[in-house]
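Enquirer: First the structure, which I've put down as structure tokens, then a few questions once you've had a look.
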Amino acid sequence: MGSYYGSHRTNAGTNLTILALESSASVVGKVHQLVIGSAATPADVATRYELIRHTTAGASGTAVVEKPSDPQMAAASCNLRGGTMTEPTYEADFLLEVSLNQRATYTWIANPGREFRTTVGTANGVGLRSISSGGTPQTSLTMAWDE
Amino acid sequence: MSAYRMGRAAGYISIVSPDHAPIERDTLQCVHCGGHWSLEPGSGKQRGFCMICNGPHCGRPGCWNCVPLEKRLEELERRAAFAAAAGLQ
């Protein structure tokens, strides 16, 4: 089992994915940590984020390099895609909802065995998406997962 | 610091902001959809407990009937495999 990290920074807004973790054809990811913040000039902007499973992967966007927590470890099988992108097709229900002021930094950590698991298949994965926002705050996200 | 902590939590959140003291919350995980939420006493949100899975569920409409998380994930995977085999993806 490998443990990996990936980070991406982009503007939030209405239904915009910040970062999506896509399964491979045979390997799933288990997301166990999220850190959401902003490096922009401090301002009061409220944004609602949701972590949601997707059943069709996004397109274009930014290819984000995954980093193993152990440099000796093999490269990740799952794929990271950063926004702005052609949006994936998401499920209706979210897995985690975060409403956040741009000034705040939010950290979520799963206990072992309670991670968000993706399903196999390159079309499947999970993405953190800004659902609505009072502006277009730049958002930084770090995601950690095991596979 | 504002904190709601509990035993047998599924996760933990921390919010640090210059506007207020750090907030810490434990989270529970829905046994049906896998979603996490933090307890907010007095929020009025209706959650549930599945006697079959022996765990809490988030209370969303799709989670009141017992479909265990693993079964749900398997269904999603079968659906994706079928779509791929049928050339729909």
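The values are calculated or read from the model by the stated rules, or taken from the named source; none is laboratory data. Keep in mind the model is a prediction, meaning the values are calculated, not measured. Positions of Cβ are backbone-derived with ideal geometry, glycine not excepted, and every protein chain shown enters the neighbour counts.
Enquirer: Any idea which residue in segment B:18-61 is modelled with the lowest pLDDT, counting only those that are of a type in the set (A, V, I, L, M) and assigned to a loop (DSSP other than H, G, I, E, B)?
Expert: Out of the qualifying residues, it is B:LEU39.
Enquirer: With within 14 Å of chain B (Cβ to nearest Cβ), surrounded by fewer than 16 Cβ atoms within 10 Å (Cβ to Cβ) and over 12 Å from the mean Cα position of the chain (by Cα) as the only criterion, which of A:THR89, A:THR119 stands out?
Expert: A:THR89 is the lone residue from the list that is within 14 Å of chain B (Cβ to nearest Cβ), surrounded by fewer than 16 Cβ atoms within 10 Å (Cβ to Cβ) and over 12 Å from the mean Cα position of the chain (by Cα).
Enquirer: Every residue in segment A:96-116 that is facing chain B (nearest Cβ under 7 Å), closer than 27 Å to B:LEU73 by Cα and charged (D, E, K, R), please.
Expert: Passing the criteria: only A:ARG114.
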